[in-house]
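These notes concern the structure reproduced below.
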Amino acid sequence: MTVIFGGISFGSAPFDSHTLRPIEEVFRAASPDGLYRKNYGAAALGVGLRHTVPEDLFLNGPVSHTDGRFSLVGEGLIHNRMELNQILGLSDAQTATWPDAAYMVAAFGKWGEACIEHLVGEYCFAVWDASEQALTLLRHPTGHGHTLFYWMDGSKLLFSTQLNALLAAPDVPRILNEQKLADFLFLNHMDQATTHFEGVFRLPPGSALRATPRGVLEGQHRKIWNFDTKRRLTFKKNEEYVEAFNEIFNQAVVDQMRSIKPLGAMMSGGIDSSAVAVRAAAHVPTDYTLRTYTAVPQPGLEIKPRPGWYDDETPLIQEIAAMHPNIDPQFISSMGLSPDDGLTQHFENHAQPFRSASNRIWMEGIIQQAQSDGIGVLLTGQLGNMTISWEGNPVIAEWIGRGKIIAAWHGAGALGRYHNRPTRRIFGRATKAALRTMMPQQVIDILRPSRPITDTSIINPEFARKHNVLERGALMGFDPQFRPPGGGRELRQKELLNGSDFSGDVVANWHTQFGVELRDPTADLRLIEFCLAIPQEQFFLNGDFRALSQRAFNRDLPPSVLSNRQRGTQDAGWFERIKNKQEAYRDEIRRMQNAPLVREAINLKELARMIEDWPNLEDSNQRNNSFFRYQLLRGLHVARYIRWVNRENW
């Protein structure tokens, strides 16, 4: 795994490489296998190394194209190495020691920015063209797992794969972006280009930026890739979809297993990460035991689950492990830790707030344990809900929209029997979803007015109005009521295209903090495109919930997992972590009144009310779970983030 950084000078002066030294210092600890920088006159490229795949051993700085015109620093994995060899006229022996960055520069040398259509993998890179005196930044189509930030003024542009490193450069101002803060509090994460700092930008997925000494082409980044939303893939027989899916999924898992470090996997009691883990276990050497990591409640904690939910995934994990003897499950409770612990260190490492404050603890707990166990790569299944285990029930709304009323009624009946709900209720909801696709948004808002902002967000209503969060969200297609669209394909495209939120940036860069690289086979573009292209009925076949995954993994996972009608609670013991903090939080909220931006941005009156309405253990997992857990903890989290950014002491 690598980190990359660099810059270009605008005008006739050469690039001052001293500007990069503070960035290098941030990356030094995360680069145990070497930190390199090379000057090219108007530009400079840098790379920090942590050897993770075999080819990393042959990387010792920026890589150059054969004719020397292009030099590149890159981060990520290229999966179609053999295919590229054939296209580029290279032999396997010739490229046996090529690092992934060498394929990136070779592809850029042949196709330019269009290389994004030919490189299969997850990556980002910066390439210097000596002939054109041009620097190009490029990020792979989905953006998952790899980020790239940049800042520029009238004299230069700087870039880095981590925000905190970029902010270390003395010329980069540390000014909080209030608009981004308002969007974050409003739960609108659809703006992929801005960050929480004024003038500091994130290169969106599937985008490129080209800069020369004359400035940046078109003044900003450009979108160079989009999903082919019209692509459709059909087979004659249902079983052919399963065969094709398994082939692509297996390849996605194997490709993410390339490593010289021990391999592990996050595993829940759901389908996604469990499917990744068991398929990985099928491809490890016969003498290798795959260690998996599962977050569980603190020992001895007794919680009454909400209806339709389960709180402890231990029994499901044990059933999976019983089917696969080479899986060694580890259960992590992160006992004694609260969302307050390690927060300053989190901000120092990532310079961003975390989307769900309570989830950070159990996720970091797993990564820290994996680090302690010597694991170098941890497989996950974060995007599985949108790909491999898509439930398929939105197809009922699609049927209604296409006039297939009888099929929709039978589908609603099957889903009702599965969830023990009335057919009429499910059919009614699907009908409303279908109608929403046929009506202008203005009509929808009249028929179903939006709830007050305070129902879903801890943002101060005045701050929301000041920054036009409702109007801004509407222009982006953000629905603050989170109403499902009329079609499953539409929903998943929207989620996948806008999935690179700030929590995703944190996940992508945990490797520099802990030395453990997270990789997600369910985010593989080949898998995403397949799941979007096949008929949506394949996910809801004969009324079966998650029909594709049930058929694909029926020999890998027990029925208790495949047919589970309940949903797992993330960090069911969240209230146990904070139950003794009522007085401390009350005092902290009082002190927040002395922080102008905190007072302006966050609904402190509502925070104070929640403190006085402190739930008991049972209530914490019932009526107050959603709002109390997420809004209280998010409000406290964002207030502390503002304090950290502004270096306040209250």
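The values are calculated or read from the model by the stated rules, or taken from the named source; none is laboratory data. Being a predicted model, the structure only gives us computed values, none of them experimental. Note that we place each Cβ from the backbone using ideal geometry, even for glycine, and neighbour counts take in every protein chain shown. These accessible areas exclude ligands, DNA and RNA; they are computed on the full protein's heavy atoms, side chains included. Shrake-Rupley method; radii C 1.70, N 1.55, O 1.52, S 1.80 Å.
If A44 satisfies all but one of (1) under 16 Å from A102 (Cβ atoms); (2) in contact with a strand residue (DSSP E or B) (Cβ under 8 Å, 6 or more places away or on another chain), what's the number of the condition it fails?
(1)
Kindly indicate which of E517, E576, E529, E537 is at pLDDT 90 or above and open to solvent by 40 Å² or more (accessible area, probe 1.4 Å).
Exactly one of E517, E576, E529, E537 is at pLDDT 90 or above and open to solvent by 40 Å² or more (accessible area, probe 1.4 Å), namely E529.
Which of the residues belonging to the stretch 584-617 are over 20 Å from M335 (Cα atoms) and outside any helix (DSSP H, G or I)?
Of everything in the stretch 584-617, those that are over 20 Å from M335 (Cα atoms) and outside any helix (DSSP H, G or I) turn out to be Q593, N594, A595, I602, N603, D613, W614, P615.
Please name all residue pairs, on different chains or six or more residues apart, with Cβ atoms under 6 Å, provided the first residue is in the stretch 191-206 and is more than 14 Å from L181 (Cα to Cα) and the second residue is open to solvent by less than 10 Å² (accessible area, probe 1.4 Å) and of a type in the set (S, T, Y).
Final answer for the pair search is F201/Y150; R202/T195.
If the requirement is being in contact (Cβ under 8 Å) with a residue 12 or more places away in the chain and either over 20 Å from the mean Cα position of the chain (by Cα) or more than 23 Å from E495 (Cα to Cα) (or both), which of these qualifies: L185, L176?
Result: L176 is the single residue among L185, L176 that is in contact (Cβ under 8 Å) with a residue 12 or more places away in the chain and either over 20 Å from the mean Cα position of the chain (by Cα) or more than 23 Å from E495 (Cα to Cα) (or both).
Any chance you could count how many residues in the stretch 436-464 are surrounded by 14 or more Cβ atoms within 10 Å (Cβ to Cβ), within 17 Å of F186 (Cβ to Cβ) and modelled with pLDDT of 65 or more?
The total comes to 10.
Of the conditions (1) more than 22 Å from the chain's Cα centre (by Cα); (2) assigned to a helix (DSSP H, G or I), Q345 clears all except one; give me its number.
Of the numbered conditions (1) more than 22 Å from the chain's Cα centre (by Cα); (2) assigned to a helix (DSSP H, G or I), the odd one out for Q345 is (1).
Please work out which residue is nearest to E55 (Cα to Cα), limiting yourself to the stretch 17-40 and to residues that are in contact (Cβ under 8 Å) with a residue 60 or more places away in the chain and over 29 Å from the mean Cα position of the chain (by Cα).
Only one residue fits best here, namely Y40.
Would you be able to tell me the number of residues in the stretch 17-27 that are modelled with pLDDT under 95 and open to solvent by 40 Å² or more (accessible area, probe 1.4 Å)?
Summing the residues that are modelled with pLDDT under 95 and open to solvent by 40 Å² or more (accessible area, probe 1.4 Å) in the stretch 17-27 gives 1.
When you scan the stretch 386-415, how many residues do you find that are closer than 14 Å to R546 by Cα and part of a helix (DSSP H, G or I)?
6
Take the residues of the stretch 540-569 that are out of contact with any Gly (no Cβ under 9 Å at 6 or more places or on another chain) and of a type in the set (D, E, K, R): which is surrounded by the fewest Cβ atoms within 10 Å (Cβ to Cβ)?
By that ranking, first place goes to R555.
For the list (1) open to solvent by less than 40 Å² (accessible area, probe 1.4 Å); (2) over 18 Å from the mean Cα position of the chain (by Cα); (3) more than 28 Å from Q566 (Cα to Cα), I need the number of the one condition that A351 fails.
Every listed condition holds for A351 apart from (2).
For the stretch 376-387, does any single residue satisfy the condition of being open to solvent by 20 Å² or more (accessible area, probe 1.4 Å) and among the hydroxyl-bearing types (S, T, Y)?
For the stretch 376-387, residues open to solvent by 20 Å² or more (accessible area, probe 1.4 Å) and among the hydroxyl-bearing types (S, T, Y): absent.
So that you can scan it fast, the table gives a plain yes or no per residue for (1) more than 28 Å from N250 (Cα to Cα); (2) among the aromatic types (F, W, Y); (3) out of contact with any helix residue (DSSP H, G or I) (no Cβ under 6 Å at 6 or more places or on another chain):
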site: L57; (1), (2), (3): no, no, yes
site: S64; (1), (2), (3): yes, no, yes
site: L77; (1), (2), (3): no, no, no
site: N85; (1), (2), (3): no, no, yes
site: A96; (1), (2), (3): no, no, yes
site: E113; (1), (2), (3): yes, no, yes
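Considering G473, G488, which residue is open to solvent by less than 10 Å² (accessible area, probe 1.4 Å) and modelled with pLDDT under 75?
G488
Among the numbered criteria (1) within 30 Å of T147 (Cβ to Cβ); (2) open to solvent by 30 Å² or more (accessible area, probe 1.4 Å), which single criterion is violated by P325?
With respect to (1) within 30 Å of T147 (Cβ to Cβ); (2) open to solvent by 30 Å² or more (accessible area, probe 1.4 Å), P325 is out only on (1).
Could you say which residue among H146, H65 is within 25 Å of L263 (Cβ to Cβ) and open to solvent by less than 50 Å² (accessible area, probe 1.4 Å)?
H146
Scan the stretch 589-604 and report the pairs whose first residue is open to solvent by 80 Å² or more (accessible area, probe 1.4 Å) and whose second residue is of a type in the set (S, T, N, Q), with Cβ atoms within less than 9 Å and a gap of 6+ or a chain change.
From residues that are open to solvent by 80 Å² or more (accessible area, probe 1.4 Å), the pairs are R599/N460; R599/Q593.
Name the residue that is nearest to the chain's Cα centre (by Cα), counting only residues in the stretch 540-573 that are of a type in the set (K, R) and modelled with pLDDT of 90 or more.
So, considering only residues that are of a type in the set (K, R) and modelled with pLDDT of 90 or more, the one nearest to the chain's Cα centre (by Cα) is R551.
Yes or no: the stretch 328-337 includes at least one residue that is at pLDDT 95 or above, out of contact with any Pro (no Cβ under 8 Å at 6 or more places or on another chain) and either open to solvent by 60 Å² or more (accessible area, probe 1.4 Å) or not in a strand (DSSP E or B) (or both).
Taking every residue of the stretch 328-337 in turn, at least one turns out to be at pLDDT 95 or above, out of contact with any Pro (no Cβ under 8 Å at 6 or more places or on another chain) and either open to solvent by 60 Å² or more (accessible area, probe 1.4 Å) or not in a strand (DSSP E or B) (or both).
Just the residues that are under 19 Å from E517 (Cα atoms) and open to solvent by less than 10 Å² (accessible area, probe 1.4 Å), please, taken from the stretch 124-143.
C124, F125, R139, H140, G143, listed by residue number.
Every residue, every condition in (1) without any contact (Cβ under 8 Å) to a residue 24 or more places away in the chain; (2) open to solvent by 10 Å² or more (accessible area, probe 1.4 Å); (3) polar (S, T, N, Q); (4) in a loop (DSSP other than H, G, I, E, B), yes or no:
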residue	(1), (2), (3), (4)
N85	yes, no, yes, no
S91	yes, yes, yes, yes
T95	yes, no, yes, yes
M104	no, no, no, no
F108	no, yes, no, no
E113	no, yes, no, no
E122	no, yes, no, no
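Going by what's in this entry, would A321 be described as among the small types (G, A, S), in contact with a Gly (Cβ under 9 Å, 6 or more places away or on another chain), in a helix (DSSP H, G or I) and at pLDDT 95 or above?
The answer is no for A321.
If I filter the stretch 222-262 down to residues being among the aliphatic types (A, V, I, L, M) and farther than 23 Å from R555 by Cα, which single residue comes out as surrounded by the most Cβ atoms within 10 Å (Cβ to Cβ)?
I224
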